[in-house]
Amino acid sequence: MFGWFKRNKKNAPTASSAVPVITFDGPSGSGKGTIARRVADALGYHMLDSGALYRLVALAADEACVALENSDKLAAVAKQLDVRFEANGAGEEVVRLNGQDVTERLRTEQTGAGASTVAQIPAVRDALLARQRAFRKVPGLVADGRDMGTHVFPDARLKVYLTASAEERAKRRHKQLKDKGLNVSLAALSRDIEDRDRRDSERTVAPLKPAMDARFLDTTGQSIEAVTQTVLDWVAEL
Ligand code: DC
């Protein structure tokens, strides 16, 4: 099992392009983040949550009072992003922007909508490209986003495109927010998800779409364990 994974770990390739990458793309709420993290943990790989970078640009812009329409200034914000991903004492990830803990703010619906807006700007996407590719380190990388397989890591070893019905995605998000004690209406969430899907799929640069060589996985009605296992089986086949 995981033959190429073990081989790479032992022989520790130095050229970045020789480091295996597994990409997860798909719409909001398809389960990408959760499944990507589980697969990364199972393989002992690094993890890139590319959505967090777009969210950080939206937050940094807000803090610097830069309007989400100001392409030039947003690109500068994206280039200068001072961000650190750390683990706290409990092993949970803490995200710091300009030294400040923004872990909670990063996950709000408002930040997600801001991220989707700044992500439409080509100069912002360009500014984040090298930063994303720098996550590719031995023994390997699991990258989660919208354009991981199509644009950022076109040579990935395995490209997974996760989907789920819009209804199920809204329900999942609703449950997540409820568990955090936040009360948001399901109807409002469904509308937000539809708006975000439209923006992410219809933008001209690196829109959300499956790579030609992606493997599809519909997670509707499937458990996290079952989906993770399917992907690990695909990895074992490589
Ligand atoms: O995965 P997420 O919800 O954290 O992403 C937030 C937004 O960032 C998403 O609506 C679109 C954008 N995004 C993107 O355009 N490209 C990526 N690779 C990741 C996210």
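Looking at this structure, is A113 outside any loop (DSSP other than H, G, I, E, B), open to solvent by 10 Å² or more (accessible area, probe 1.4 Å) and within 19 Å of K32 (Cβ to Cβ)?
Working: outside any loop (DSSP other than H, G, I, E, B): yes; open to solvent by 10 Å² or more (accessible area, probe 1.4 Å): yes; within 19 Å of K32 (Cβ to Cβ): yes.
For A113, the condition - outside any loop (DSSP other than H, G, I, E, B), open to solvent by 10 Å² or more (accessible area, probe 1.4 Å) and within 19 Å of K32 (Cβ to Cβ) - is met.
Residue count for the stretch 194-233 satisfying the condition of being in contact with a Gly (Cβ under 9 Å, 6 or more places away or on another chain), farther than 16 Å from D25 by Cβ and not in a loop (DSSP other than H, G, I, E, B): 1. Residues that are over 24 Å from R105 (Cβ atoms) and either touching a His at 6+ places or on another chain (Cβ under 7 Å) or polar (S, T, N, Q) (or both) within the stretch 41-71 are absent altogether.
Looking at the stretch 87-100, which of its residues are assigned to a strand (DSSP E or B) and either farther than 17 Å from F135 by Cβ or open to solvent by 60 Å² or more (accessible area, probe 1.4 Å) (or both)? Steps first, please.
Within the stretch 87-100, the first condition is being assigned to a strand (DSSP E or B), and the residues that meet it are 87, 93-97, 100.
Those that are assigned to a strand (DSSP E or B) and either farther than 17 Å from F135 by Cβ or open to solvent by 60 Å² or more (accessible area, probe 1.4 Å) (or both): A87, E93, V94, R96, L97, Q100.
For the subset of the stretch 12-30 comprising residues that are touching a helix residue (DSSP H, G or I) at 6+ places or on another chain (Cβ under 9 Å) and in a helix (DSSP H, G or I), which member is modelled with the lowest pLDDT? Give the steps one after another, and end with the answer.
Looking only at the stretch 12-30, we keep the residues that are touching a helix residue (DSSP H, G or I) at 6+ places or on another chain (Cβ under 9 Å), and these are 16, 18-30.
Right, trim to in a helix (DSSP H, G or I) and you get 16, 18.
Details: S16: 73, A18: 89.
Going through the qualifying residues, I end up with S16.
Of the residues A130, A78, the single one that is buried (at least 16 other Cβ atoms within 10 Å of the Cβ), within 15 Å of the ligand (Cβ to nearest atom) and part of a helix (DSSP H, G or I) is A78.
Any residue that is touching a Ser or Thr at 6+ places or on another chain (Cβ under 9 Å) and more than 25 Å from Q110 (Cβ to Cβ) - is there at least one of those in the stretch 167-185? Scanning the stretch 167-185 turns up no residue that is touching a Ser or Thr at 6+ places or on another chain (Cβ under 9 Å) and more than 25 Å from Q110 (Cβ to Cβ).
Report yes if R191 is modelled with pLDDT of 95 or more and away from the ligand (no atom under 13 Å from the Cβ), otherwise no. Write out each step before concluding.
Details: modelled with pLDDT of 95 or more: no; away from the ligand (no atom under 13 Å from the Cβ): yes.
No.
The set of residues in the stretch 45-65 being open to solvent by 20 Å² or more (accessible area, probe 1.4 Å) and over 18 Å from the mean Cα position of the chain (by Cα) consists of D62, E63, A64, C65.
Restricting attention to the stretch 44-66 and to residues that are part of a helix (DSSP H, G or I) and of a type in the set (G, A, S), the residue that is nearest to N98 (Cα to Cα) turns out to be A60.
Candidates T150, T163: the one that is closer than 26 Å to V83 by Cβ, open to solvent by less than 60 Å² (accessible area, probe 1.4 Å) and out of contact with any helix residue (DSSP H, G or I) (no Cβ under 8 Å at 6 or more places or on another chain) is T150.
Would you pick out the residues in the stretch 200-218 that are within 15 Å of the ligand (Cβ to nearest atom), touching a helix residue (DSSP H, G or I) at 6+ places or on another chain (Cβ under 7 Å) and not small (G, A, S)?
Our first condition is that a residue be within 15 Å of the ligand (Cβ to nearest atom); within the stretch 200-218, this holds for 200-211, 214.
Now drop any that are not touching a helix residue (DSSP H, G or I) at 6+ places or on another chain (Cβ under 7 Å), which leaves 200, 205-209, 211, 214.
Within the stretch 200-218, D200, V205, P207, L208, K209 qualify.
Filtered by the rule that a residue be near the ligand (Cβ under 9 Å from one of its atoms) and not polar (S, T, N, Q), the stretch 103-123 gives L106, R107, G112, A113, G114, A115, V118, A119.
Q120 falls short on exactly one of the conditions (1) surrounded by fewer than 21 Cβ atoms within 10 Å (Cβ to Cβ); (2) farther than 24 Å from L189 by Cα, and that condition is (2).
The values are calculated or read from the model by the stated rules, or taken from the named source; none is laboratory data. Model, not experiment: these values are computed from the prediction. A quick note on method: Cβ atoms are made from the backbone with ideal geometry, for glycine too, and the neighbour counts reach across all protein chains shown. Areas reflect the complete protein model, heavy atoms only, side chains present, ligands, DNA and RNA absent. Shrake-Rupley method; radii C 1.70, N 1.55, O 1.52, S 1.80 Å.
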